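Structure record follows, encoded as structure tokens.
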Amino acid sequence: MESYLVCQLQKDMRFEGFLMVRSAEKRRDIKGNEYVDMNLNDRTGEINCKIWNWDAGWEVPVSGQPIKIRGTVQEYNGRLQLRVERWRMAAAEDPVDLSQLIQAAPRPAEDMMQEIRNAVGEIGNDSLRKLTEGMLEAAGERLSWFPAAQRMHHAERSGLLHHTTDMLRLARAAMEVYPFLNRDLLTAGVIIHDLAKIDELKSDASGAVSDYTRDGQLLGHIIRGITNLNRVADRLGIEGEEVVLLEHMLLSHHGEAEYGSPRPPMFPEAEALHWIDMMDARMNTFKTAEDKTPAGAFSEKIFSLDRRVYHPQLTDDRSEN
């Protein structure tokens with residue numbers, strides 16, 4: 001049977017090969033029969049699958065582990081789904097290339113970390129620089145591999161670094177157009193705005209998120225980010241305007257209450273942070289959808305965008321000089 005990447009799968013295709021378990025949960029159908037609902041991925045994308053006729057003696061597959069699957073691609077509610085016929089967890093002797101199964105950022109983690117360190121080093125305001133350094137230190141080594149989300153955008157190994165460094169690049173471009181923006185404040189806000197996702201999400205080192213943590217469920221990364229910032233500020237003995245401005249940027253970076261921000265952005269750098277965050281998240285979502293969709297076709301519905309995405313059939317007609 002020919003091997004396919006997840007991004008190549010289409011309705012009625014047969015699939016046999018290794019995928020990574022992103023999540024797995026035992027459920028019951030309307031007749032009370034047990035089955036397992038799983039999301040599986042390779043480096044190119046993710047697909048839902050069902051294992052019916054579940055044997056009570058079987059162990060539910062573990063998130064972050066490779067699994068061998070044989071089945072048929074079906075469509076349910078406009079989304080592709082893999083109906084499993086046979087499966088087993090990967091064995092030590094199986095020829096599994098984990099680099100082909102893990103969705104990861106397009107740049108090495110250490111390169112992105114260095115980009116962030118360089119940006120911190122350019123912050124001239126002493127308090128903002130020390131607060132940013134303290135927040136990075138509190139985030140710890142998990143920042144090197146942590147994803148930025150469970151599903152919506154940058155849901156990949158090192159996705160939080162990917163999101164942050166792309167936002168830093170957008171911020172630099174914005175500051176060229178709007179030179180009145182305070183470079184130190186916007187840079188610090190970009191770097192720390194999502195660090196508390198490390199407290200919000202349960203992720204393994206492959207970047208697969210299995211659930212939200214207690215803090216994630218009860219508080220979310222916005223509130224936890226502010227409490228983390230206050231701890232760092234107290235430890236460093238920093239108080240005053242810089243702390244309050246960063247608190248507001250954390251509080252308002254989702255833009256409005258409907259999306260978790262109880263205050264709208266109320267100064268230019270906070271407004272810029274919100275739109276830079278929004279643009280990078282949505283562009284990543286569009287890019288992910290386009291990568292999974294053949295040219296000239298529409299994707300399945302992307303729920304975070306509330307639409308399907310079209311992959312244009314364009315060629316680069318520019319001639320080389």
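Bear in mind these aren't lab numbers, they're just calculated from the coordinates by the rules spelled out. For clarity, every value in this text was computed on a predicted model and none was experimentally measured. For neighbour counting, all protein chains shown are included, and Cβ atoms are generated from backbone atoms with ideal geometry for every residue, glycine included.
Which of rounded, prolate or oblate describes segment 6-100 when judged by the alpha-carbon gyration tensor and an a/c cut-off of 1.5?
oblate
The residues neighbouring Met283, those whose beta-carbon lies less than 14 Å from its own, together hold a net charge of -2 under the Lys/Arg +1, Asp/Glu -1 convention. Projected label points at Phe298 and Met89, each 7 Å from Cα along the beta carbon direction, are separated by 4.2 nanometres.
Phi angles across segment 100-108 convert, under the Karplus curve 6.51 cos²θ - 1.76 cosθ + 1.60 with θ = phi - 60°, into 3J(HN,Hα) values of 8, 9, 9, 6, 9, 4, x, 10, x Hz, Gly and Pro given as x.
Taking 0.36 nm per residue of sequence separation and removing the Cα-Cα distance, the Asp306/Asp211 pair yields an extension gain of 31.9 nm. Here's how it looks for Asp211: its modeled amide H is under 5 Å from those of Lys202, which are all 5 or more places away or on a different chain.
Counting only residues at least eight positions apart within a chain, or on another chain, the lysines with an alpha carbon under 26 Å from that of Lys50 are Lys11, Lys26, Lys31, Lys68, Lys202, Lys292, Lys301. Against the chain, whose longest principal axis comes from its Cα atoms, helix 268-291 is set at around 20 degrees. Near Val96: Cβ cut-off under 15 Å, other residues only, Lys/Arg at +1 and Asp/Glu at -1. The net charge is -2.
Derived scalar couplings between HN and Hα for segment 158-167 equal 6, x, 5, 5, 4, 4, 5, 5, 5, 5 Hz in order, rounded to whole Hz, by the Karplus curve 6.51 cos²θ - 1.76 cosθ + 1.60 (θ = phi - 60°), x for Gly and Pro. In the chain, helices alone account for a calculated mean residue ellipticity at 222 nm of -11500 deg cm²/dmol, with every DSSP H run of four or more residues adding -39,500 (n - 2.57). Axis of helix 109-121 versus longest Cα principal axis of the chain: the two differ by about 10°, to the nearest ten degrees. For segment 209-294, the list of trypsin sites (Lys or Arg not before Pro) that fall in a loop by DSSP and count at most 12 other C-beta atoms within 10 angstrom is empty. Across segment 296-305, computed HN-Hα scalar couplings (Karplus, 6.51 cos²θ - 1.76 cosθ + 1.60, θ = phi - 60°) run x, 10, 9, 6, 5, 5, 9, 5, 5, 9 Hz from first to last residue, x flagging Gly and Pro. Each Lys or Arg adds one and each Asp or Glu takes one away; over the other residues whose Cβ falls under 12 Å from the Cβ of Glu34, this sums to +1.
If I fit a long axis through the Cα atoms of helix 241-252 and take the longest principal axis of the Cα atoms of the chain, what angle between them do I get, 0 to 90°, rounded to 10? For 241-252 against the chain, the angle is about 30 degrees.
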